Structures are given as C-alpha cells and as structure tokens.
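See structure below.
The values are calculated or read from the model by the stated rules, or taken from the named source; none is laboratory data. A quick note: this is a predicted structure, and the numbers were derived from the prediction, not measured. Glycine gets a Cβ as well: all are built from the backbone with ideal geometry, and neighbour counts include every protein chain shown.
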C-alpha cells in the first residue's frame, strides 16, 4: 500500500493536534492527527479535505522539510509556503504556496472532498528570498493597521538576520516587509522561533559561544531594524556543542522553548534542551538524550499534553524511514516510538477493493456484450431459416412447385475470364518426343512428358508405335516423328526466371 508523505505539519492554536499537508496519487490532502493522545504509538491521521492536484500550484518539488513552512489559525485556515513550486508545466521552480479555508468557496470543476475552498499563494518576486536560506518559519501575529492577526513569513539566510514577509489576504500575495539585523550580537544565526510577541534567536556569538536571546516583536518591521536593547538573554553554555556538530531545530509549547540538537554524525546520540521562557534570563538546563540515534530529521512539530493523561511530544519525520514521536514527559522522556504510515486514500485496501470490483464488473460486462451479440446472430439465423421453410411450403419463388416437380435450374452464366499471362512457351509433340525416348507401357492410357533445352533439330521421318488400350481392341497406328539416331539425354528441369513468379 502506498503511503502519504507529509510536506509540513503545524499544531492547531491550542496545540492539541497537528495539521499536515500531503500529496497523494491524484489529490492533495489536508490531514489531522489524533488529538491529545495518551499512547504515542497509536497516533493516526484522518483527512479533513482534499482536492485534485491539477487545481493548484504543484508545491511537491522539495520532498518535505525546511523548504516548507506552514501555520493554521483558530478557524482552521491552513497556509503553507514552499521555496520551490511549479507554477506551470515547465521545469522552472519559484516560491509559492497553497491556502485552504474551510469557509471558502468550493473549487468548481475539480475533484474536491470536504467543505471550503482552496487557493494559490503568490510570492512577490521582489521578496528577495534566496536559495542560501538556512531556515524559515510561518506564524500569525497582530500587526498595526490590521483588524485580525496576519500571516508572517520569516527566513534566515547566511548572514545573521531575519527577513520578513506579510501575506496580503485579498490578493493572496506574500510581499516583503523588511529585516531584523542581528550582526551586533551573532556571528552565525541558526534558529528562530516566534511565541507570544517574542522572537527567540539561537546561534553563535563572536567568541564562538552559544547565544540565546528573546527579542520583543510586536510589529513586523517596515524598515531595516537592528536588534533592540531590551532583549532577554539566556545562559546557553550547556548547548555549545550545538553550534558546531549538530543540526538545530526549535519550537515552542506551553511556555517552553524546545531546542533540538541533532548530531550530524550517523548513529551518534542527539539531544534536546527545554528552556522555560517565562523565566527571563534563566539558564538552559542539561540536555536530554534521544534514545533513537538513527533518525534522519526532515522536520518536526511540538504538540499535545493539554488534557490529563495526554502526553506532549515532538512529531518527527524521518527523511527516509517514516514518522516518530519523541516523548517530552516523564517517565519516558526522550524515548522515541514509531508511528504508523499514513495510507493514501486512493490506494487503501478499500480503494483497492473498489478498483478490483470495477475491473471485475467491466470484465463481466464485456462477456455479457459478447454473449448478447452471439445470441443476436443465432436468433437472426434461426428466424431466416424459419422464413425460408415457410417460403418453401407456401410457394412463391420456391424451388419445388406445389406438384412436387423440380423446377428447371437456370443455365449458368458464363462470365469472361481475364486474360492470363502465359508463363512458358508451348512445345509441339515432335520436340517433346525428341527430348525423352518413349517406350511402350501396358497400363497408362496417356503419357505426358515435358522437356526443355536449346536444341531445335527435329526428325522429319515419321514413325509409328502401338498403344494397347484393351485386349479386344485393334491397334491403330499413331503418327509420331522419331529419329533412329536420337540418343536419350538426362532430364534437366527448366529454369524459371525469378520475375515470372
């Protein structure tokens, strides 16, 4: 059974469950995970809505991971931005996105399931998003002049700055806002996460040490801005190894910042750190070892733990080996369990059964059509036979008249034959006799012999021989030319020219 590959996941605003977008065989699916699971291995996914892939931009060009960022709001509006997308049938890619709105107008003319509507998102070419980016985020935040929270896109490039873009809800276009320059504090910026009007940035300082700061962020900058003076600094010395030997991921959940340091050396243990961001200027505690060192991280989301008995966890996509859940609570904090793959609804068992039923039904229908055609000809032949018999018994043009006498058959019409091409030159009897010596035979009534060579000599002296046809019949002389000096020659079959066949 084919499984769906999630491109991106994001928690709902209450962090109870995840939304995820995936491409199936023919459709794009918006999926929802189990809410607040108590058993991480039992996490499952269900389809919220789907639409035919040809209805939207093809953003399935990067295979998942950091090339994607996604977010949802309390109304269930899901937005995803991709660094690479096919906007047409060509081979060139450019940034673009997809939006699903459960209250939107359905897309007519496409195979769509579920309520609402889908739309494309355009990224303004002047946004300046370059391939050298290290990470990207998508989040909702309040903005001056907007009555509702706006979708903000942020990406980190090779220089220590964060560039921002705002999604215009009317035109569905992501346009550039400006950037937050962090060069005064960071030599390398690795991660950034947004939570409650704060941006938490992590990287290396000029001396090579680990640096984690919280930056107040109440409005998207409209002009280039440097790091403000009222930042919150954390003691991140325990995470210094993340700066050189690890790949980093970050996320927030329930007033905590989670910083994952994934070892880039295969089969080497990784770890994560939990930062209580309510404690300003607090210290980052010791890391928690992750029990499964072989995961190749593609992306992750942090969710769960909102109800009694439910477990907070990090949802992880392995780049090659499926999905995992990393426990964030005791007694099994740091343990990893595998999660079942997500079946493609168009290739599930029920779908396969339906396909088989269709094939079987089509086969039975074809056989029925063949039988019906055969029965038609049989019945027509029987009807013609009955009509012929009725015609014979009732008269008309019957071949037997009522008295029982046979009618006279019509004289056959002789049609002229087309002129035939004579392939061989006829030979006279004298020539044939000259080629082969005849002898008397008691049985045959007729002997025919054909020979051919270039000789044209023919004896002029007629000879006679007897052919006995029956014991009572008298012999009759037959004039046959015969040359006593003639000697027999071996029979050579004539050579037939190739162009005469």
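Summary of values
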read-out	value
Test: residue in region 76-85 that is more than 22 Å from residue 251 (Cα to Cα) and touching a strand residue (DSSP E or B) at 6+ places or on another chain (Cβ under 9 Å)	yes
Close pairs from region 239-255: first without any contact (Cβ under 8 Å) to a residue 60 or more places away in the chain, partner surrounded by 15 or more Cβ atoms within 10 Å (Cβ to Cβ) and part of a helix (DSSP H, G or I), Cβ under 6 Å, at least 6 apart	248/242
Some residue of region 44-58 being under 18 Å from residue 300 (Cβ atoms) and modelled with pLDDT of 90 or more	yes
Unique residue being in contact (Cβ under 8 Å) with a residue 60 or more places away in the chain and either out of contact with any strand residue (DSSP E or B) (no Cβ under 9 Å at 6 or more places or on another chain) or more than 22 Å from residue 14 (Cα to Cα) (or both) when the list is 168, 120, 126	120
Looking only at region 213-249, and only at residues there that are assigned to a strand (DSSP E or B) and within 44 Å of the chain's Cα centre (by Cα), the one that is nearest to residue 137 (Cα to Cα)	249
Test: residue in region 166-174 that is part of a loop (DSSP other than H, G, I, E, B) and at pLDDT below 90	no
Options 207, 187; residue that is surrounded by fewer than 21 Cβ atoms within 10 Å (Cβ to Cβ) and farther than 20 Å from residue 136 by Cα	207
Residue within region 61-80 that is in a strand (DSSP E or B) and farther than 27 Å from residue 165 by Cα present	no
Filter pass, residue 98 being free of Cβ contacts under 8 Å to residues at least 60 places away in the same chain, buried (at least 22 other Cβ atoms within 10 Å of the Cβ) and either more than 21 Å from residue 173 (Cα to Cα) or within 23 Å of the chain's Cα centre (by Cα) (or both)	no
